[in-house]
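Only one structure is covered here, and it is reproduced in the block below.
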């Protein structure tokens, strides 16, 4: 019996990783472990992906493109159904029941609005699938919630310096010195 595409995301405090389980329509379940570094990189790249999905001819400025992308993402999350309890499936025939550590996630948007995911595992195997935009943004929402639960503080590290602000430390070097 075919199931719906469904994801479950949980934080594993002992391993300090996110456990992501996905049940695909064929009924097979894939279990993945995402490190903090990987989640930081993933969440950092989804904003760029969202902006690429906004048609250039409809938006004139980069700021407007960001806002439209943000609005479309929020609309997709609002439509997602988070009320259904995650129901597992049969272990993936090649990957088994053990959760696999992910080393890389590659994202690209397709012309039909879906998102293509390539997930590279520590074993050098990879999974490739396409997700509807609504499902993808729902998954990203779940990842963000669990990263917040983990208290990973994944906000950008670089401080933005505005014209009114001066950097905290200014080092003036007149000439090179050797010690």
For this session: Within the range 86-118, work out how many residues are loosely packed, with under 14 Cβ neighbours inside 10 Å, part of a strand (DSSP E or B) and free of Cβ contacts under 8 Å to residues at least 40 places away in the same chain.
Result: 3
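Looking for something crowded, with 17+ Cβ neighbours inside 10 Å and either modelled with pLDDT under 90 or at positive phi (or both) - is there at least one such residue anywhere in the range 163-178?
Let us first name the residues in the range 163-178 that are crowded, with 17+ Cβ neighbours inside 10 Å, namely none.
Checked the range 163-178: no residue is crowded, with 17+ Cβ neighbours inside 10 Å and either modelled with pLDDT under 90 or at positive phi (or both).
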Problem set entry | Filtered residue count, the range 56-104, keeping only those that are more than 15 Å from residue 137 (Cβ to Cβ) and touching a helix residue (DSSP H, G or I) at 6+ places or on another chain (Cβ under 7 Å) | 4
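Looking only at the range 119-129, how many residues end up being surrounded by fewer than 17 Cβ atoms within 10 Å (Cβ to Cβ), within 22 Å of residue 43 (Cα to Cα) and in contact (Cβ under 8 Å) with a residue 24 or more places away in the chain? Give the steps one after another, and end with the answer.
First, pick out the residues of the range 119-129 that are surrounded by fewer than 17 Cβ atoms within 10 Å (Cβ to Cβ): 120, 122-126, 128-129.
Adding the requirement that they be within 22 Å of residue 43 (Cα to Cα) leaves 120, 122, 126, 128-129.
From what's left, in contact (Cβ under 8 Å) with a residue 24 or more places away in the chain: 129.
Adding up the residues that qualify gives 1.
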Problem set entry | Criterion (out of contact with any strand residue (DSSP E or B) (no Cβ under 7 Å at 6 or more places or on another chain) and more than 30 Å from residue 14 (Cα to Cα)) met by exactly one of 71, 82 | 71
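The values are calculated or read from the model by the stated rules, or taken from the named source; none is laboratory data. A quick note: this is a predicted structure, and the numbers were derived from the prediction, not measured. Heads up, the Cβs are rebuilt from the backbone with ideal geometry, glycines too, and the neighbour counts pull from every protein chain shown.
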